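K.L.:
I'd like to ask you about the structure that follows.
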Amino acid sequence: MKGIILAGGSGTRLYPLTMVTSKQLLPIYDKPMIYYPMSVLMNAGIRDILIISTPQDTPRFKSLLGDGHQFGVNLTYEVQPSPDGLAQAFIIGADFIGNDSVAMVLGDNIFAGHGLKKRLKAAVDNAENGKGATVFGYYVDDPERFGIVEFDKEGKAVSIEEKPEHPKSNYCVTGLYFYDNRVVEYAKNLKPSARGELEITDLNRIYLEEGCLNVELLGQGFTWLDTGTHESLVDATNFVKTVEQHQHRKIACLEEIAYLNGWISKDELTEVYEVMKKNQYGQYLKDVMDGKYREHLY
């Protein structure tokens with residue numbers, strides 16, 4: 001399976017913070033925001049990752065992440081000239097996806113919770129074995145801001161609506177999607193919505209109408225954060241700081257995930273530690289190398 005991180009957009013809701021940098025390069029506690037969605041793909045076992053961003057921000061992501069070898073992954077980059085909808089990512093990434101299945105995560109989404117890794121692997125298996133698509137639902141207080149899923153009495157998804165005036169539930173679709181290879185063709189055939197965008201909700205609706213959309217609910221014990229406002233940036237930093245201090249495990253430490261997955265060697269991890277050893281991030285990597293932790297956070 002291939003992975004896509006969509007890290008475009010103009011970030012106007014975060015001005016003046018994002019006037020000269022990408023939202024996805026802003027710090028969430030001790031890491032750049034893009035580390036968090038990237039960790040989700042890596043925890044799903046995905047090593048071929050395409051980062052899609054704006055013409056001006058793509059070089060900045062390359063400076064930060066390079067070709068990904070230090071994380072045991074293969075990173076490539078494509079430009080989204082204008083933000084014409086989330087589903088456009090599958091058209092931009094068509095050559096990268098090839099004949100493979102694909103997962104996409106939005107660059108400003110943070111997922112955490114014990115057992116997440118297991119759910120990610122199940123979503124990968126579904127897509128690779130021709131069982132269609134998997135999206136993740138999460139309870140929100142302001143459903144009119146999101147794509148909302150309606151369920152029947154048996155808990156089966158029966159409709160999806162984008163930013164509904166009269167929401168049929170409080171469960172939104174988060175920014176993490178797993179698809180079989182048909183998604184490329186479906187995306188190419190989408191018509192722009194009233195706001196002129198190729199909507200991911202329209203893609204999900206195609207799978208839903210075919211009976212091939214699995215909506216996995218992230219309930220108690222899971223946290224999903226969409227960091228699109230100044231307030232949510234602070235909330236995300238406070239959440240990560242609290243979890244890391246109390247559990248003594250990092251969320252989205254890419255070097256740790258790569259090392260525990262066997263994607264990088266102890267020598268390679270030591271190289272990163274030497275650069276970072278004067279701060280707590282570096283000390284954490286040392287503890288990982290020394291085998292101090294017995295159970296992985298995810």
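The values are calculated or read from the model by the stated rules, or taken from the named source; none is laboratory data. Everything numeric in this text was worked out from a predicted model, so none of it was measured. Positions of Cβ are generated from backbone atoms using ideal geometry, with glycine treated the same way; all protein chains shown enter the neighbour counts. The area values use the complete protein model at the heavy-atom level, side chains included, leaving out ligands, DNA and RNA. Shrake-Rupley method; radii C 1.70, N 1.55, O 1.52, S 1.80 Å.
K.L.:
In region 26-60, which residues are open to solvent by less than 40 Å² (accessible area, probe 1.4 Å) and either out of contact with any helix residue (DSSP H, G or I) (no Cβ under 9 Å at 6 or more places or on another chain) or without any contact (Cβ under 8 Å) to a residue 12 or more places away in the chain (or both)?
P.N.:
Thr54, Thr58
K.L.:
On to the next question. Does any residue of region 61-70 turn out to be in contact with a helix residue (DSSP H, G or I) (Cβ under 7 Å, 6 or more places away or on another chain) and closer than 30 Å to Lys191 by Cβ?
P.N.:
No, region 61-70 has no match at all.
K.L.:
Any residue at all in region 78-89 that is in contact (Cβ under 8 Å) with a residue 24 or more places away in the chain and part of a strand (DSSP E or B)? Even if it seems obvious, please write down each step before you answer.
P.N.:
Residues of region 78-89 that are in contact (Cβ under 8 Å) with a residue 24 or more places away in the chain, as a first pass: 78-81, 83-89.
Next, only the ones that are part of a strand (DSSP E or B) stay: 78-79.
Checking region 78-89: at least one residue is in contact (Cβ under 8 Å) with a residue 24 or more places away in the chain and part of a strand (DSSP E or B).
K.L.:
Further question: Of the residues that make up region 236-252, is at least one within 19 Å of the chain's Cα centre (by Cα) and either of a type in the set (Phe, Trp, Tyr) or open to solvent by 30 Å² or more (accessible area, probe 1.4 Å) (or both)?
P.N.:
yes
K.L.:
Taking the stated definitions as given, is Leu233 of a type in the set (A, V, I, L, M) and within 23 Å of Ala44 (Cα to Cα)? Before the answer, list the steps.
P.N.:
Values: of a type in the set (A, V, I, L, M): yes; within 23 Å of Ala44 (Cα to Cα): no.
Here the answer is no, as Leu233 does not meet what is asked.
K.L.:
Condition check: among the aromatic types (Phe, Trp, Tyr) and within 14 Å of Thr201 (Cβ to Cβ). Does Tyr138 satisfy that?
P.N.:
Numbers: among the aromatic types (Phe, Trp, Tyr): yes; within 14 Å of Thr201 (Cβ to Cβ): no.
Considered against the rule, which asks whether it is among the aromatic types (Phe, Trp, Tyr) and within 14 Å of Thr201 (Cβ to Cβ), Tyr138 comes out as no.
K.L.:
Could you give me the residue pairs with C-beta distances under 9 Å whose first residue belongs to region 7-25 and is more than 15 Å from Ser232 (Cβ to Cβ), whose second residue is part of a loop (DSSP other than H, G, I, E, B) and open to solvent by 30 Å² or more (accessible area, probe 1.4 Å) wherever it lies, and which are 6+ apart or on separate chains?
P.N.:
Note: pairs meeting the criteria are Gly8/Ser82; Gly8/Pro83; Ser10/Pro83; Ser22/Gly9; Ser22/Gln56.
Quick grid of which residues meet (1) in a loop (DSSP other than H, G, I, E, B); (2) free of Cβ contacts under 8 Å to residues at least 60 places away in the same chain; (3) buried (at least 22 other Cβ atoms within 10 Å of the Cβ):
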position	(1), (2), (3)
Asp100	yes, no, no
Met104	no, no, yes
Phe111	no, no, yes
Leu120	no, no, yes
Val124	no, no, no
Ala127	no, no, yes
Thr134	no, no, yes
Val149	no, no, yes
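K.L.:
Residues that are under 25 Å from Gln24 (Cβ atoms) and either hydroxyl-bearing (Ser, Thr, Tyr) or open to solvent by 10 Å² or more (accessible area, probe 1.4 Å) (or both): does region 152-160 have at least one? Quick ask: steps written out before the conclusion?
P.N.:
From region 152-160, those under 25 Å from Gln24 (Cβ atoms) are none; that's our starting set.
No, there is no match, as no residue in region 152-160 is under 25 Å from Gln24 (Cβ atoms) and either hydroxyl-bearing (Ser, Thr, Tyr) or open to solvent by 10 Å² or more (accessible area, probe 1.4 Å) (or both).
K.L.:
Here's a follow-up. Taking the condition of being buried (at least 17 other Cβ atoms within 10 Å of the Cβ), out of contact with any helix residue (DSSP H, G or I) (no Cβ under 7 Å at 6 or more places or on another chain) and farther than 17 Å from Pro37 by Cα, how many residues in region 203-234 meet it?
P.N.:
Residues meeting the conditions: 6.
K.L.:
Of all residues being aromatic (Phe, Trp, Tyr) and not in a helix (DSSP H, G or I) in region 13-67, which is nearest to Gln80 (Cα to Cα)? Just the residue, please. Can you show your working first?
P.N.:
So in region 13-67, the residues aromatic (Phe, Trp, Tyr) come out as 15, 29, 35-36, 61.
Now narrow it down to the ones that are not in a helix (DSSP H, G or I): 15, 29.
Numbers: Tyr15: 20, Tyr29: 28 Å.
Restricting to residues being aromatic (Phe, Trp, Tyr) and not in a helix (DSSP H, G or I), the top hit is Tyr15.
K.L.:
Restricting the search to region 222-247, which residues are assigned to a helix (DSSP H, G or I), among the polar types (S, T, N, Q) and touching a Phe, Trp or Tyr at 6+ places or on another chain (Cβ under 9 Å)?
P.N.:
Passing the criteria: Thr237, Asn238.
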